[in-house]
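K.L.:
So that we are looking at the same thing, I have put the structure below in structure tokens.
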Amino acid sequence: MTAPSRTDPAPALAASAGSRRPRVLATIAVGLVVAAVVRGVVLESYVVPSAAFEPTFEPGDRVLVLKTDRSTEAGDVALVEDDRGALLLVPADEAAGDVVGTVLWRYWPLTRVGPVTAPRPPA
């Protein structure tokens, strides 16, 4: 009687599987392109630089601006571009410049996370 021949299937599988490096690099490249498109067209992070908009924002607050929504309503906070190209946060009532988008959400600091609305003027 002859013993069954032993074959090692591992070398055959390793040779046919190929390298995973091109797939990983392609995934990273697609992710970077998608992130750039989202940031450039849809949603952008903005840091509040000064205390000019207290009590709604404090210096260092970080907000998400929805760039696809350029129409503003009462109670919204708009991100506008002034004549010099600077970006400013203003209440929707005062949005006289080129509206870049509306502030959607505050995500930093964690104690103040949530939707953002402009304060109502006293009646």
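Since every read-out is calculated from the coordinates, none of them should be taken as a lab result. If you're wondering where the values come from, they're calculated on a predicted model, not measured in any experiment. Glycine gets a Cβ as well: all are built from the backbone with ideal geometry, and neighbour counts include every protein chain shown.
K.L.:
From the list Ala52, Ala74, Ala95, which one is among the aliphatic types (A, V, I, L, M), over 19 Å from Val41 (Cα atoms) and surrounded by 14 or more Cβ atoms within 10 Å (Cβ to Cβ)? Walk me through it before giving the result.
P.N.:
Working: Ala52 fails: surrounded by 14 or more Cβ atoms within 10 Å (Cβ to Cβ); Ala74 fails: surrounded by 14 or more Cβ atoms within 10 Å (Cβ to Cβ).
Sole residue among the options that is among the aliphatic types (A, V, I, L, M), over 19 Å from Val41 (Cα atoms) and surrounded by 14 or more Cβ atoms within 10 Å (Cβ to Cβ): Ala95.
K.L.:
Which residue is farthest from Val38 (Cα to Cα), if the candidates are limited to the range 55-66 and must be surrounded by fewer than 19 Cβ atoms within 10 Å (Cβ to Cβ) and not hydrophobic (A, V, I, L, M, F, W, C)?
P.N.:
Pro55
K.L.:
For the range 36-51, which positions are without any contact (Cβ under 8 Å) to a residue 12 or more places away in the chain, among the aliphatic types (A, V, I, L, M) and closer than 22 Å to Arg70 by Cβ?
P.N.:
Within the range 36-51, Ala36, Val37, Val38 meet the criteria.
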